[in-house]
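What follows is a set of notes on a single structure, which appears directly below.
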Amino acid sequence: MADLKNGILDIFCGAGGLSLGFLLEGFDIVYSSDNNSRAIDTIETNHSKIHSQKGEDDYHYTSVEDINKLTATKIKKIFEERGYRVQGIIGGPPCQGFSVANRQTRNIDNPNNSLFEHYLRLIKTLNPDFIVFENVVGFASMANGDYKKTVLDTLEKLKFVKGWKIIDAEWYGVPQTRRRVIIIGIKRSKIKTDYKKKIAFPEKNNCSVPTVKNAFSGLPSIKMGETRDIQSYHPGRMSNYAKSLQSSPELNIESKNVYNHITTLSNDLVLKRYKYLKPGQNWANLPDELINNYEDKYRCHSYIYKRLEEDKPSITVSNFRKCMFIHPTEDRGLSVREAARLQSFPDWYEFKGELSYQQQQVACAVPPLMARSIAQQIKKMLK
């Protein structure tokens, strides 16, 4: 068999933010796996666009799959048919079970909380050169830290140099505070001598963090309940950050239109709440008559009905329906594209499925700029 090229397996891929960061650094994403059919539609749409624009055969493979049934035999077959080997495995299991915003699910009996074991199973059977595991901060303390310890101990037994760190997306130019646990493992035989004793994580970017206003620059003004999926850019001047998201020269792709700039149509009570709140305020600033349908409003977390501030980075983009973030100057929730801008997705990257599924995909994604910084660091450490 001819020499195989290096390729990446992305499991629990979601909308593909993590793999996009690796693509932008020149890695080949060969196989993306998820059980969410809408996310898979998003992945297929964008990978097809990427390969078409680069003028190459589309070697990327994906299908809707149950991770419990995904075998190393199938993965190897798909890779080898395309002339690749599994150089790296990236991804993170669904975060709901570990999230600090979901206290009721943070227990060992939640089935979402055992999905990471399938990640470890595939590492054992596929024997990649490196792995990147991403999750919410709650993963580090789940089950008194036993889950994190299980991942690290498994990597140690499999002869990986391993390390973990909580990093923040805003360190890497993302206009959003978003702290995540990152675990990196590189096979001892594949890591450069300088890193054999300790994994290095990407350093903070010294540039100023883009603001919400920077992120939304160039997007047209819309009303609550907007449904037009393709729109034109606002003709005014765009921020440098917004300009950077119009194209990806590494992939030969440029966006001529604004996609997914659509919003939820809310009822009159919700609209009254939107109108009442000023930038920086949240549900706690609402008068009782506007929030008396909440059974126990004192259990609400600070993200609910948070109106963003234009001159600051955003708080963490999360579940649209639970948080209902408010646009800084317009009385409506965020559009899918606005949230995607806060996540650092380029404008050409399209999200598929019904509105609520698009919102979920963006909220759960790894910011591509953060992912790219991780990919850059992986390249530095690999032989």
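With the checklist (1) of a type in the set (S, T, N, Q); (2) over 30 Å from residue 309 (Cα atoms); (3) surrounded by 16 or more Cβ atoms within 10 Å (Cβ to Cβ) in hand, flag the one item residue 150 doesn't pass.
(3)
Please determine, by comparing only the residues of segment 289-314 that are within 19 Å of the chain's Cα centre (by Cα) and at pLDDT 95 or above, which one is surrounded by the fewest Cβ atoms within 10 Å (Cβ to Cβ). Steps first, please.
First, pick out the residues of segment 289-314 that are within 19 Å of the chain's Cα centre (by Cα): 303, 313-314.
Still in the running and at pLDDT 95 or above: 313-314.
On the way: 313: 22, 314: 27.
By that ranking, first place goes to 313.
For residues that are of a type outside the set (A, V, I, L, M, F, W, C), outside any strand (DSSP E or B) and within 15 Å of the chain's Cα centre (by Cα), scanning just segment 154-212, find the one that is farthest from residue 130 (Cα to Cα).
Within segment 154-212, the subset of a type outside the set (A, V, I, L, M, F, W, C) is 154, 156-157, 159, 162-163, 165, 168, 170, 172-173, 175-180, 185, 187-190, 192-198, 202-206, 208, 210-211.
This time we only want the ones that are outside any strand (DSSP E or B), so: 154, 156-157, 159, 170, 172-173, 175, 177-178, 188-190, 192-198, 202-206, 208, 210-211.
Going one step further and asking which of them are within 15 Å of the chain's Cα centre (by Cα), we end up with 170, 172-173, 175, 177-178.
On the way: 170: 25, 172: 22, 173: 25, 175: 29, 177: 27, 178: 24 Å.
The selected residue is 175.
Applying the selection to segment 24-41, what residues are under 23 Å from residue 250 (Cα atoms), under 16 Å from the mean Cα position of the chain (by Cα) and crowded, with 24+ Cβ neighbours inside 10 Å?
29, 32
I want to confirm something. Restricting to segment 68-94 and keeping residues that are under 19 Å from the mean Cα position of the chain (by Cα) and aliphatic (A, V, I, L, M), which single residue is farthest from residue 39 (Cα to Cα)?
Just the residues of segment 68-94 that are under 19 Å from the mean Cα position of the chain (by Cα), to begin with: 88-94.
If we keep only those that are aliphatic (A, V, I, L, M) too, we end up with 89-90.
On the way: 89: 19, 90: 16 Å.
Among those residues, the one meeting the criterion is 89.
Please state which one of 63, 37 is in the same structural domain as residue 92 (by TED's automatic domain parsing), at pLDDT below 95 and not acidic (Asp, Glu).
Numbers: 37 fails: at pLDDT below 95.
Result: 63 is the single residue among 63, 37 that is in the same structural domain as residue 92 (by TED's automatic domain parsing), at pLDDT below 95 and not acidic (Asp, Glu).
Could you tell me whether any residue of segment 323-330 is of a type outside the set (D, E, K, R), at pLDDT 95 or above, within 15 Å of residue 258 (Cβ to Cβ) and assigned by TED's automatic domain parsing to the domain that holds residue 250? Walk me through it before giving the result.
Step one: of segment 323-330, the residues of a type outside the set (D, E, K, R) are 323-329.
Restricting the remaining residues to those that are at pLDDT 95 or above gives 326-329.
This time we only want the ones that are within 15 Å of residue 258 (Cβ to Cβ), so: none.
No, segment 323-330 contains no residue that is of a type outside the set (D, E, K, R), at pLDDT 95 or above, within 15 Å of residue 258 (Cβ to Cβ) and assigned by TED's automatic domain parsing to the domain that holds residue 250.
The values are calculated or read from the model by the stated rules, or taken from the named source; none is laboratory data. Since the structure is predicted, the reported quantities are computational estimates derived from the model, not experimental observations. Cβ sites come from the backbone with ideal geometry, for glycine too, and all protein chains shown count toward neighbours.
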